[in-house]
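Enquirer: Below is the structure I would like to discuss, written out as structure tokens.
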Amino acid sequence: MKQTPSKQTFAGRRIVVTRPREQATEWRARLEALGGEVIELPLIQVSKEVNLDTLAEVFQEIGTYEWIVFTSVNGVKYFFEEFHRIYDDIRSFGLMRVAVVGEATAAAVREKYLRVEIQPKKASGEELAKALIEREGMDSAKVLVITGNKNREALVEKLEEARAIVDTLPVYKTEETDLAKDPVAGDFRAKGADAILFASPSAVQSFFDQAPALKLAAKAKRPLTGSIGPSTTAAMKQLGLPIDFEATEANVDSLLEALNQALAKR
């Protein structure tokens, strides 16, 4: 049963946000507006990283792609930083149709006044590939996939299996942060939390890799663990992390609703 959020929904609750620091602002504001105490543990950091030779090759052929695929907000951000550095007219984008993973990514594309043609209900690369293939087969279709250093390999593999011609353009890198000496991590170890929110497989991997630095004290509160969507959930399962709740849609509203329901049952 859906519960209506109020200003006191998370009053007295300590909630851990694991997003990169620069991307945690909205989540912090939303949680604090609902009465929660936010603990920021930025398990990963994201920065631009573009191979200029690869970029030049892609931009030379920019008008030949039928589809451009964005799998994250970071991909949209850094791709268009480079695009506008080279081109001063959005019409240089050509006739590429846009496909995306996730509502946040779709919103970032729409901010560029571009239309999202395909966005699967489940926010995963596999589902996006399936949607593209079901729509028009993809045989010999030329596709540009915008990625980070941790590529969406399953997405590319499925498109290539469908005989698409796929080029990938990494425009950012994701790295694990070191929280061993972070005072916020120390507070988390000592007191624990009511819940911890994961928004990417990379954050899950970092949490697993940094287990010694995040090990809770004997009397610390064990948090419920939540996932924003299928790919994050899959990473949690693979690494043996418990999954206490999962957003029905890959966005913050759905995740906070799932969190509210999980805490109500605790």
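Enquirer: I'm trying to understand the selection: among the residues of region 207-231, which are under 19 Å from T174 (Cβ atoms) and either in contact (Cβ under 8 Å) with a residue 60 or more places away in the chain or assigned to a loop (DSSP other than H, G, I, E, B) (or both)?
Expert: F207, Q210, L214, I228, G229, P230, S231
Enquirer: Scanning region 242-253 for residues that are touching a residue at least 12 places away in the same chain (Cβ under 8 Å) and within 18 Å of the chain's Cα centre (by Cα), which turns out farthest from T18 (Cα to Cα)?
Expert: E249
Enquirer: Select from region 215-233 the residues that are surrounded by fewer than 20 Cβ atoms within 10 Å (Cβ to Cβ) and farther than 25 Å from A264 by Cβ and write down the one among them that is farthest from the chain's Cα centre (by Cα).
Expert: Going through the qualifying residues, I end up with A218.
Enquirer: Tally the residues that are outside any helix (DSSP H, G or I) and crowded, with 20+ Cβ neighbours inside 10 Å, restricting the search to region 246-264.
Expert: Residues flagged as outside any helix (DSSP H, G or I) and crowded, with 20+ Cβ neighbours inside 10 Å within region 246-264 amount to 3.
Enquirer: Here's something else I'd like to know. Confirm whether V204 is assigned to a strand (DSSP E or B) and modelled with pLDDT of 95 or more.
Expert: In short, no.
Enquirer: Could you give every pair whose Cβ atoms fall below 9 Å, whose first residue belongs to region 16-34 and is closer than 14 Å to L179 by Cα, and whose second residue is surrounded by fewer than 18 Cβ atoms within 10 Å (Cβ to Cβ) and among the basic types (K, R), counting only separations of at least 6 or pairs across chains?
Expert: Going by the 9 Å Cβ cut-off, the qualifying pairs are V17/R28.
Enquirer: In region 21-71, which residue that is of a type in the set (G, A, S) and either under 24 Å from L132 (Cα atoms) or assigned to a strand (DSSP E or B) (or both) is modelled with the highest pLDDT?
Expert: Filtering region 21-71 for residues that are of a type in the set (G, A, S) and either under 24 Å from L132 (Cα atoms) or assigned to a strand (DSSP E or B) (or both), the one modelled with the highest pLDDT comes out as S47.
Enquirer: Here is a follow-up. Please specify each residue of region 190-203 satisfying the condition of being out of contact with any Lys or Arg (no Cβ under 6 Å at 6 or more places or on another chain), within 16 Å of I15 (Cα to Cα) and not charged (D, E, K, R).
Expert: Correct list: A190, A195, I196, L197, F198, A203.
Enquirer: Can I ask one more? Among the residues of region 145-189, which ones are in contact with a Lys or Arg (Cβ under 9 Å, 6 or more places away or on another chain) and without any contact (Cβ under 8 Å) to a residue 40 or more places away in the chain?
Expert: Within region 145-189, K158, A164, I165, V166, T168, R189 meet the criteria.
Condition check ((1) in contact with a strand residue (DSSP E or B) (Cβ under 9 Å, 6 or more places away or on another chain); (2) surrounded by 20 or more Cβ atoms within 10 Å (Cβ to Cβ); (3) more than 30 Å from A185 (Cα to Cα)) across all residues:
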{"position": "V17", "(1), (2), (3)": "yes, yes, no"}
{"position": "E26", "(1), (2), (3)": "no, no, no"}
{"position": "L34", "(1), (2), (3)": "no, no, no"}
{"position": "V46", "(1), (2), (3)": "yes, yes, no"}
{"position": "N51", "(1), (2), (3)": "yes, no, yes"}
{"position": "G75", "(1), (2), (3)": "yes, yes, no"}
{"position": "F79", "(1), (2), (3)": "yes, yes, yes"}
{"position": "A106", "(1), (2), (3)": "yes, yes, yes"}
{"position": "V109", "(1), (2), (3)": "yes, yes, yes"}
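Enquirer: Please tell me if R135 is among the basic types (K, R) and without any contact (Cβ under 8 Å) to a residue 24 or more places away in the chain.
Expert: Yes; evaluated as a whole, the condition is true for this residue.
Enquirer: Is it true that K122 is in contact (Cβ under 8 Å) with a residue 12 or more places away in the chain, within 25 Å of L52 (Cα to Cα) and assigned to a loop (DSSP other than H, G, I, E, B)?
Expert: Spelling it out, it is not the case that K122 is in contact (Cβ under 8 Å) with a residue 12 or more places away in the chain, within 25 Å of L52 (Cα to Cα) and assigned to a loop (DSSP other than H, G, I, E, B).
Enquirer: Something else: Got a number for residues in region 172-199 being under 15 Å from the mean Cα position of the chain (by Cα) and part of a strand (DSSP E or B)?
Expert: Total meeting the criteria: 7.
The values are calculated or read from the model by the stated rules, or taken from the named source; none is laboratory data. This is a predicted model, so every value here is computed, not measured. Counting neighbours? That spans all protein chains shown, and the Cβs are built from the backbone with ideal geometry, glycine included.
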